[in-house]
Amino acid sequence: MGTGTEEVEHLSLHIFCDASKVAFSAVVFFRVVRNSTVTVHIVAAKSRVAPVRKLTIPRLELLAAVIGARLYENVRKNLQSDAESYFWTDSSTVLSWIQRQEEWGTFVCNRVSEVRSLTSSNSWRHVPGDLNPADLPSRGCSPKQLVESKWWEGPRWLYYEPNLWPNQQIECDEAEVAQERRKKLIALVNNDNDFWHLSYFSSFLRIVRMMSWILRFIHNSRKPVQRATGDLTVEEIERGEKRIFEIIQSQSFSGVDDVKIKHLDPFVDEHKIIRLRTRISNREDSVDFRFPIVLPCRHPVTEKLILKEHFDSSHVGIQGVMSKLREKYWVLGGRRAIRSALSKCFICKRFNSKSIRVNVPPLSLDRVHDASVFEVIGIDMAGPLYLKDGLKIWICIFTCAIYRAVHLELVTSMSTHSFIQALRRFVARRGRPKTIFSDNGTNFVGAENLLSQLNWQEVMKFSVNERIVWRFNPPSAPWWGGFWERLIGILKQLLRKVLGRTSLNYEDLLTVVCDAETVINSRPLTYVSSDPHELIALTPAMFLVDHHEHGLPDYDVVDRSSVCRKLRYKQKLRDDLRRRFRNEYLGQLRMFYEGKPRGSLKLGDVVLIGNDQDKRMDWPLARVVDLIPSKDKQIRLVRLVTSKGQLLRPVQRLYPLECVDSAVQGDGVEDVIEPSEDAIE
């Protein structure tokens, strides 16, 4: 290579490193400047297959830098030349690892240390990947490509002046660099307040026993000859309790001159516990009662002590717990501290929680729009009644949701078939309803399921009837059907006074029921005036003659267009009657105020599901998984998940426990009846 001639002006070694997913390599070129002419010679090259264990590209680039540094060391020793050295890599991440003085992970740290021991970190430079000659051996090529590239002659830019070599500003991926930083864990220990054992247990007695065992261990370690064995004695438990109070007071008070207690005349007893002098210090009583131990109100151990006395006193209230504590302790802000501690008692919360209360919504459109009588109805069952022959019989009540009229039918069973027969008799006499409200009785649900199986498109081709819209109230919410429950109460009062203890046959009972239906439909809906010149009060019976028996929607238009004076007069009476109903009945309805809304629910809340059959201790727990808003955006119905599946319940049946479960998930689904949007009002 002619490096020893006198015409040589400059010598330099250039080590190039590169890596790919399959291999990594390094190559050394010798650059000689002689008589202003630059020649480049390949000195050594080395490549290795990437490890079987998958490594990231930056780590493979670092391995290429390692074999480049080793290759440079061998060349330097064999040439015995003081040529200047340049190290080139196209990985900005590897440059950051080599040049930054930081602590790296084990893999990077070991290899960076080797590179720094063989080379100078300042001699490493960045070269773009397309100008890096080590790229070819790292990726591999065919013999033809190798000959055409003239790879052994080195890169073209190496023949230029040094100021023309690659020297652009590089930007490294800081996230990639930081990924290999050594992880550090800094632990700060405050020895002054390192009383972990005070919060290790949730029970005050367990904390006392643990402290007693700790004191026994200290005693046995200091005096191995007088070792204590067996169960804890009363003296040891009392010593542990006093030690706990001493720690609490040292954490909460600065001494007897502390601003929180100095006005209470405190003093320190022989056990280094702060006590108070009281007005009854001269009484012949126990020392603890005359000189109680002062305790802070917000210390966690104080809260556990309050709960212990609360449990031992059969969950007595605030005043009872305060009296029990006063036997030995003086808790600052005692009533407030006791109230705060008792609010966390789950058993008391289960028995004292109050149900949710929401605003009463306005009546739905189905109950206040102008319609025919029995166009919108509510259905329910009353009974059973006993006939003379001992058979049971029920009364099916059909209530007009608008004009408050009733129609009564007798059924011999609570089956779906018997109910459908009663519904057919009702339609034959009163006309076909458009909307039916009911609760979730099995007979009602069965009838709706049977009706839903019909092909109503085919039926409508031969009839003017439309499909009946059936709307169910949510389970366990009888007040949602209050407009028929109220009339059932009136019917029961009439039958109770008329029948007494009498048992009738079927025909006699049917007659009595028809008489009761007439009485209920004759009740006044508006104010009954004593003035003989005033209009008579409105009754449901006035509207029973104004129903469409054959379902002709254009009946009113025909009446109005008729020239018959008698028909026009009859139509005017109908309009006047409906106008009076609007002004005197609907206009006088007012919102029933039950008090301000109480409580609210959100997803994940843990609640009790109340009912009228079981005792409160047997009410199941549930978690709220869905809130169903009504038309006025108020939440009156929620979906719950229990141990047995999912349920729909009105919020008035729920008793929140102020517990939240963040893992809201819907598992254990069972079939539930979805209420309609109009029913959620």
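Here are some notes:
Conditions tested, residue by residue: (1) free of Cβ contacts under 8 Å to residues at least 40 places away in the same chain; (2) farther than 16 Å from VAL27 by Cβ.
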site	(1), (2)
VAL75	no, no
TYR86	no, no
SER92	no, yes
LEU95	no, yes
GLU103	no, yes
PHE107	no, yes
SER113	yes, yes
THR119	no, no
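Okay, residues lined up against (1) modelled with pLDDT of 80 or more; (2) within 21 Å of TRP484 (Cα to Cα); (3) in a strand (DSSP E or B); (4) assigned by the TED database to the domain that holds LEU491:
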{"site": "ILE395", "(1), (2), (3), (4)": "yes, yes, yes, yes"}
{"site": "ILE402", "(1), (2), (3), (4)": "yes, yes, no, yes"}
{"site": "PHE419", "(1), (2), (3), (4)": "yes, yes, no, yes"}
{"site": "GLY446", "(1), (2), (3), (4)": "no, yes, no, yes"}
{"site": "LEU454", "(1), (2), (3), (4)": "no, no, no, yes"}
{"site": "GLN457", "(1), (2), (3), (4)": "no, no, no, yes"}
{"site": "MET460", "(1), (2), (3), (4)": "no, no, no, yes"}
{"site": "SER463", "(1), (2), (3), (4)": "no, no, no, yes"}
{"site": "ARG467", "(1), (2), (3), (4)": "no, no, no, yes"}
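- Among the conditions (1) in contact with a helix residue (DSSP H, G or I) (Cβ under 7 Å, 6 or more places away or on another chain); (2) of a type outside the set (Asp, Glu); (3) surrounded by 17 or more Cβ atoms within 10 Å (Cβ to Cβ), THR278 misses just one, which is (3).
- Within region 630-642, restricting attention to residues that are modelled with pLDDT of 85 or more and either of a type outside the set (A, V, I, L, M) or surrounded by fewer than 18 Cβ atoms within 10 Å (Cβ to Cβ) (or both), the residue that is nearest to LEU363 (Cα to Cα) is ARG639.
- Among the residues of region 7-38, the ones that are β-branched (Val, Ile, Thr) and either under 20 Å from ASN74 (Cβ atoms) or surrounded by 15 or more Cβ atoms within 10 Å (Cβ to Cβ) (or both) come to 6 in all.
- Subset of region 215-227 (residues that are part of a helix (DSSP H, G or I) and touching a helix residue (DSSP H, G or I) at 6+ places or on another chain (Cβ under 7 Å)): LEU215, ARG216
- Members of region 279-311 that are without any contact (Cβ under 8 Å) to a residue 24 or more places away in the chain and of a type in the set (Ser, Thr, Tyr): SER281
- When region 476-502 is filtered for residues that are out of contact with any helix residue (DSSP H, G or I) (no Cβ under 9 Å at 6 or more places or on another chain) and touching a residue at least 24 places away in the same chain (Cβ under 8 Å), the ones remaining, listed by number, are TRP480, GLY481, TRP484, ILE488, LYS492.
- Number of the condition not met by GLY378 [criteria: (1) without any contact (Cβ under 8 Å) to a residue 24 or more places away in the chain; (2) under 24 Å from ALA477 (Cα atoms)]: (1)
- Pick from region 182-204, criterion at pLDDT 80 or above and surrounded by 14 or more Cβ atoms within 10 Å (Cβ to Cβ), ranking: farthest from PHE87 (Cα to Cα): PHE204
- Of the helices (runs of 4 or more DSSP H) lying entirely inside region 71-171, the ones with 1 or more residues being aliphatic (A, V, I, L, M) and either in contact with a Phe, Trp or Tyr (Cβ under 6 Å, 6 or more places away or on another chain) or within 15 Å of GLU61 (Cα to Cα) (or both) are found at 92-99, 106-118, 135-139.
- If the condition is being surrounded by fewer than 15 Cβ atoms within 10 Å (Cβ to Cβ) and farther than 12 Å from ILE347 by Cα, then region 307-322 contributes ASP312, SER313, GLY317, GLN319.
- Criterion (buried (at least 16 other Cβ atoms within 10 Å of the Cβ), more than 20 Å from ILE379 (Cα to Cα) and at pLDDT below 80) met by exactly one of LEU525, LEU509, LEU552: LEU525
- Test result for SER355, surrounded by fewer than 15 Cβ atoms within 10 Å (Cβ to Cβ) and hydroxyl-bearing (Ser, Thr, Tyr): no
- Verdict on ARG216 being surrounded by fewer than 18 Cβ atoms within 10 Å (Cβ to Cβ) and among the charged types (D, E, K, R): no
- Once region 503-525 is narrowed to residues that are in a helix (DSSP H, G or I), among the aliphatic types (A, V, I, L, M) and in contact with a helix residue (DSSP H, G or I) (Cβ under 7 Å, 6 or more places away or on another chain), the residue that is nearest to VAL411 (Cα to Cα) is VAL512.
- Checking the stated criteria, PRO474 turns out to be surrounded by 14 or more Cβ atoms within 10 Å (Cβ to Cβ), within 30 Å of ASN359 (Cβ to Cβ) and modelled with pLDDT under 85.
This table checks each residue for (1) at pLDDT below 70; (2) under 18 Å from THR526 (Cα atoms); (3) in contact with a Ser or Thr (Cβ under 9 Å, 6 or more places away or on another chain); (4) assigned by the TED database to the domain that holds PRO524.
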| residue | (1), (2), (3), (4) |
| --- | --- |
| ARG574 | yes, yes, no, no |
| LEU586 | yes, yes, no, no |
| LYS596 | yes, no, no, no |
| ASP614 | no, no, no, no |
| VAL624 | no, no, no, no |
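- Total residues in region 32-73, condition among the hydroxyl-bearing types (Ser, Thr, Tyr) and either free of Cβ contacts under 8 Å to residues at least 40 places away in the same chain or outside the structural domain of HIS14 (by the TED database) (or both): 4
- Region 249-275: number of residues that are in contact with a Pro (Cβ under 7 Å, 6 or more places away or on another chain) and more than 12 Å from LYS328 (Cβ to Cβ): 3
The values are calculated or read from the model by the stated rules, or taken from the named source; none is laboratory data. Quantities reported herein were computed from a predicted structural model and do not represent experimental measurements. In this analysis, Cβ positions are derived from the backbone assuming ideal geometry, glycine residues included, and neighbour counts consider all displayed protein chains.
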